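What follows is a single structure, written as structure tokens, with notes after it.
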Amino acid sequence: MAEEATRQFDASRFEPAAEELRLLPWATPDGLPCYLSTDGEGYLATLADGIEEVQLTMGQELLDHTRGVLTPGARALTEAEYRWLACRLTEALSDALRVADSRGQRIPSLSDTAEADGSDEKGAH
């Protein structure tokens, strides 16, 4: 079901509702971004929220582990262990940046907020 709803989509070709598209926390098998046309409600939006939360939590746990590894006096890791850690940190950073990008795209601009409440950008009605 999720595969059908997250087919490759070129947001630049979808002008009218492009601001309603949500960048999802997963990619296509080819590594391309997945988007969901949503009002923020529904099964896939809720699933994406949950996956973002898991990704950020796992990133925090990995960061905590790394800080412990880098503490003076901690057991030195093998080359393979350091490589594994670097790979996982890279994945966690990629996930966090995608979440930040997705959430940043959903923050209304100042002009959108002003239009919604009937004021200008400086707050005057």
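The values are calculated or read from the model by the stated rules, or taken from the named source; none is laboratory data. All values reported here derive from a predicted model rather than from experimental measurement. Positions of Cβ are backbone-derived with ideal geometry, glycine not excepted, and every protein chain shown enters the neighbour counts.
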Can you tell me which condition Arg22 does not meet? The list is (1) surrounded by 14 or more Cβ atoms within 10 Å (Cβ to Cβ); (2) of a type in the set (D, E, K, R); (3) in a helix (DSSP H, G or I), and all the others hold. (3)
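Looking at Ala100, Ala96, Ala92, Ala74 in this structure, which one is out of contact with any helix residue (DSSP H, G or I) (no Cβ under 6 Å at 6 or more places or on another chain) and either part of a helix (DSSP H, G or I) or surrounded by fewer than 10 Cβ atoms within 10 Å (Cβ to Cβ) (or both)? Spell out the reasoning first.
Values: Ala96 fails: out of contact with any helix residue (DSSP H, G or I) (no Cβ under 6 Å at 6 or more places or on another chain); Ala92 fails: out of contact with any helix residue (DSSP H, G or I) (no Cβ under 6 Å at 6 or more places or on another chain); Ala74 fails: either part of a helix (DSSP H, G or I) or surrounded by fewer than 10 Cβ atoms within 10 Å (Cβ to Cβ) (or both).
Unique residue meeting the criteria: Ala100.
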Among (1) free of Cβ contacts under 8 Å to residues at least 24 places away in the same chain; (2) surrounded by 11 or more Cβ atoms within 10 Å (Cβ to Cβ); (3) under 13 Å from Pro25 (Cα atoms), Leu56 falls short only on (1)
Kindly list the number of the only condition in (1) of a type in the set (Val, Ile, Thr); (2) at pLDDT below 95; (3) touching a helix residue (DSSP H, G or I) at 6+ places or on another chain (Cβ under 9 Å) that fails for Thr113. (3)
Positions within segment 38-67 being of a type in the set (Val, Ile, Thr), modelled with pLDDT of 95 or more and in contact with a helix residue (DSSP H, G or I) (Cβ under 8 Å, 6 or more places away or on another chain), in sequence order: Thr66
